[in-house]
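**Q** Sharing a structure here in structure tokens format.
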Amino acid sequence: MQDSPFDLRDLAPSERSDEDGTLTRRPPVYVTQPVLPPLEDFLPSLREIWESKVLTNGGPFHDRLEAALCEYLGVEHISLFTNCTIGLVTALQALRVSGEVITTPYSFTATAHSLLWNRIKPVFVDIDPHTLNLDPARIEAAITPATTAIMPVHCYGHPCDVAAIEKIARSHGLKVIYDAAHAFGVQLHGSSLLKHGDLSVLSFHATKVFNTFEGGAIVSPDAQTKNYIDQLKNFGFVDDVTVVTPGINGKMSEFNAALGLLQLGGVDQAIARRREIDKRYRQGLRATRGIHCVGDAGERVANHAYFPILVRPEYPLSRDQLYKLLHAHDIHTRRYFYPLVSSFEMYRDLPSSDPEGLPVAHRAAEQVICLPIYPALSNEDVDRIIAILQEAGAP
Ligand SMILES: *Cc1c(COP(=O)(O)O)cnc(C)c1O
């Protein structure tokens, strides 16, 4: 590199000079990149769909994927959906939730939107500073006679304090619906995290740990609930002439289900690679003052869906300065979850959106950056990202 005809300092950070002096542009690095099987592996499934002409409405791939997911995730009842958001909307309908629901402002906006789509008033409660999940110690103070449920999020796939939440829900007669969009495959005390609460809703969106292009699922505790959810996702039909409820179209197509079956074969390997990257970041950033890797506090993190760091005041750059510096190196991180959901126009006038009541969530939203993590990310790129953070953080 020293003998290169180009002075490296003159290069845009995204360019590099190879041994022979040719200038190549590094491909940009994004926060995530979807996992896909080889196209050839998908073609036989496509052929099968073409020949059968069964495209959707609970076809063979759909039913096989439901069974395979139950087995993989260690749960008994799954209803596949077109996406997680319709799953959340339907879960609230299935449990006839109304009035007010306690939830977290530190999430993707679909969590709270699913409440508004049901004419339910979201009540935002602050988060725990270590897990960044809904803080159970603050839930009871937010319960009113109108409260009917709690909708927590296993943020970044890190488990909520499910025992504390269940205790509160039981003593106040509230339902619990987990937004488990990040929690695919996460285990707690040796069993699936998805068994907690009345329902859990997964996302199989392209950006998630397990994807079916678009997709989602509701995990139910019993066959009767699953059956009702299956009616709700199919317009409320129970047979070809009977409609029992104003359901929606939330069905997963055969294309998505066929992809899911293939993806399931590679998901352990994908999570194992994510784990390696997670470990590499944690080791590389351990000594960088002011950079806190979320999850260092020892909570169990099993799927490595994200790699969130908090840029604290001891770091020489602000969060946004670091975000821009990485961007200048063509490394495109995301500030999940900034802005807070409670700051969006349709929520900010709610009494519970007052920043005074949400200090921990506001601080996290001001400090967080999610670093790139996905199976195809190279160690070289991980090391380059670590080096940028270390150098900018050097006193
Ligand atoms: C991705 C995501 C959703 C929405 O999932 P879709 O499948 O895209 O509808 C909901 N909640 C959270 C926390 C998410 O990250």
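**Q** What FRET efficiency would be calculated for the residue pair Val238, Leu55, taking the C-beta separation as r and a Förster radius of 25 Å, to the nearest 0.05?
**A** Values: r = 22 Å, r/R0 = 0.88.
Between Val238 and Leu55 the formula returns 0.70.
**Q** Sticking with this structure for a sec: Note down the Stokes-Einstein diffusion coefficient of region 267-392 in µm²/s, whole number, using a Kirkwood radius over alpha carbon pairs, 4 °C, and 1.567 mPa s. Display every interim value, and only then the final one.
**A** Details: Rh = 15.6 Å.
My calculation gives 83 µm²/s for D.
**Q** Continuing with this model, one more query. If contacts are Cα pairs under 8 angstrom and at least 6 residues apart, what is the relative contact order of the chain in percent? Don't skip to the answer; put the middle values down first.
**A** Numbers: 781 pairs, mean separation 83.9, N = 395.
Computed value for the chain: 21 percent relative contact order.
**Q** Would you list the P(r) distribution for region 37-120, with all Cα-Cα distances sorted into 10 Å bins from 0 and each bin expressed as a whole %?
**A** P(r) for region 37-120, in whole percents per bin: 14, 31, 30, 19, 6.
**Q** Turning to a different aspect of this structure: Two decimals is fine: what's Rg over Rh for the chain, C-alpha atoms, Kirkwood radius as Rh? It would help to have the intermediate numbers written out before the result.
**A** Working: Rg = 22.5 Å, Rh = 22.4 Å.
Result: Rg/Rh = 1.00.
**Q** Once you've got the GNM for the chain with C-alpha springs shorter than 10 Å, pick whichever of Gln269, Gln231, Gln367 has the biggest mean-square fluctuation.
**A** Per the Cα network of the chain with a 10 Å cutoff, Gln269 tops the list.
**Q** Rg and Dmax in Å for region 206-247, alpha carbons only: what are they?
**A** For region 206-247, the Cα-based Rg and Dmax read 13.2, 39 Å.
**Q** Taking a quarter of the surface of the Cα convex hull of region 176-321, what do you get in nm²? Don't skip to the answer; put the middle values down first.
**A** Details: hull surface 47.9 nm².
For region 176-321, averaging the hull's shadow over all directions gives 12.0 nm².
**Q** Which of the pairs Lys208/Lys251; Lys121/Lys175; Lys175/Lys208 have their Cα atoms more than 24 Å apart in this structure? The partial results should precede the final answer.
**A** Working: Lys208/Lys251 19 Å; Lys121/Lys175 15 Å; Lys175/Lys208 26 Å.
Listed pairs above 24 Å: Lys175/Lys208.
**Q** Continuing with the same structure: On average over all directions, what projected area in square nanometres does region 185-258 have, based on the convex hull of its Cα atoms?
**A** On the way: hull surface 24.4 nm².
So the mean shadow area of the Cα hull is 6.1 nm².
Bear in mind that the values in this text are calculations on the coordinates, not laboratory data. This is a predicted model, so every value here is computed, not measured. When we count neighbours, we look across all protein chains shown, and the Cβ atoms used for this are built from the backbone with ideal geometry, even at glycine.
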